[in-house]
C-alpha cells in the first residue's frame, strides 16, 4: 500500500489548487487525474472552455504557483434582457480596480497549475476510485491498488463517480432540462475587454479572449433546442446567435466547433460526509453557469480548506475537524444556488408587466452609483457580503 496523507480525486482547476494547498502544509499527496482527456482545442486555436475568475480567486492561484498566470481581462460588462429597454453597465474604473475579472482558457490554467505542483504531489492517471473500505479506511484506486490516506478529497466535478460509489445523498438535485453550448465566436471589431451577459429564458455570456476579435460563448438552451443548435450549420447557428445578441457586438462572423453539457442544480447533504472525506467544487455543488460562479465557488472551497489547515491536527481525519468547513461552505453554496434560481425564475417569466418591472429595476440600479459600486465589489469577491459568506 502506498503512503499518502491525502488523496485528491479530480485533476481539474479545483483539484489542482487543492493539491497545491495540501502540499504547502507538507502533506504527501496523490492526485488522480483521468487519462487521455479529449482535447477541447478548437479550430481557432483556443480552448472552447473558458472560465472567468474574480480577482480574489486570481490572487489565490497566483500565490499558489508563485507567479502571474497569463489571461485576458474583463474591464467592463454590459448586462441586459432580450427585448428589454434597460441595461446595467459595469466598469472596473467605477471601483478603482484595474479589472473586473480575468478570463482563462481551461487548458492553459490547468497547465500552469500542473507545471508548478510541489514535489509532495504525485500525479497518477486513473479513472478514479473504485471502492472505499470502511474497516481499513483504505481506498482502491484504478491502476494503483489500495491506498490508505488520512483524507480523501473529492473534486471530480458534477455527477461525481466517487460520490456515487460512496452513496452520498443530495439535499438538492434538480435537472434543469437545459444544456449549455460552449464555443468561440469571431467578430470583425475588437471586444475591448468587454463582456456581455444576456438574461432571459435562454441566457448567454460572451467573454473576451486574448485575441481581440475572439470571444468565448456560453449559451443555455432547452435540451431539444440545444441539440438542434449543436448540429446546426454554421450559417444557421450564427443567424440565431446574432438575433439573440441583438447585434450588440456587431455581426458575429464565424464560430468554432461546439461543445455541449447538461445543466443542473445540485447540493450535497454534507461536504464532509465522513471524518476522512471532504468534497469540493462541482462535486459538492453544481449551479447554472448564468453568472460564471461555478469555478469561483469551487476555489472558495479550496481557500476555506487551506485556511482550515492553518490549525492542522496530527491527523487530517480527526473527528470534527472539518465540520466548521462543511457548515460555512454549504451555507455559501446554498445562498448562491438560491440566488441563481431567483434570477432564473424572474427572467423566465415573459409577462410584459413583469418585464416592465424588471426594466424599471435595472434602470434604477444602473443610475444608483453607490449601489452599483457595491454590487460590482460583491461580484468581484471583495465586498463585505462575499467576505462574510
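Any read-out appearing in this document is the output of simple, stated calculations on the displayed coordinates, not a laboratory observation. Since the structure is predicted, the reported quantities are computational estimates derived from the model, not experimental observations. All Cβ positions, glycine included, derive from the backbone under ideal geometry; neighbour counts span all protein chains shown.
A few remarks follow.
- For region 249-292 and region 121-141, distance of Cα centres in Å: 24
- Per residue, the Cα convex hull of region 1-77 amounts to 123 Å³.
- Residue-span extension gain [residue 224 to residue 343] - 0.36 nm each, minus C-alpha spacing: 40.6 nm
- Spatially, region 355-384 and region 36-63 are offset by 28 Å when compared through their Cα centroids.
- For region 44-150, alpha-carbon Rg relative to the globular expectation (2.2 N^0.38 Å, N residues): 1.59
- If you wrap the Cα atoms of the chain in a convex hull and average its projected area over all directions, you get 18.8 nm².
- Panel values: region 104-157, Kirkwood radius from alpha carbon pairs, Stokes-Einstein at 10 °C and 1.306 mPa s, translational diffusion coefficient 120 µm²/s.
- The chain: relative contact order in percent, alpha carbon pairs under 8 Å with at least 6 residues between: 21
- Extended-chain gain in nm, criterion 0.36 nm per residue less alpha-carbon gap, residue 142 and residue 25: 39.5 nm
- In this label model, residue 174 and residue 366 are separated by 2.8 nm, measuring between points 7 Å along each Cα→Cβ vector.
- Neighbour-count ranking [beta-carbon atoms within 10 angstrom, fewest first] of 21, 27: 27, 21
- Approximating the spin labels as points 7 Å out from Cα along Cα→Cβ, the residue 96-to-residue 239 distance works out to 5.2 nm.
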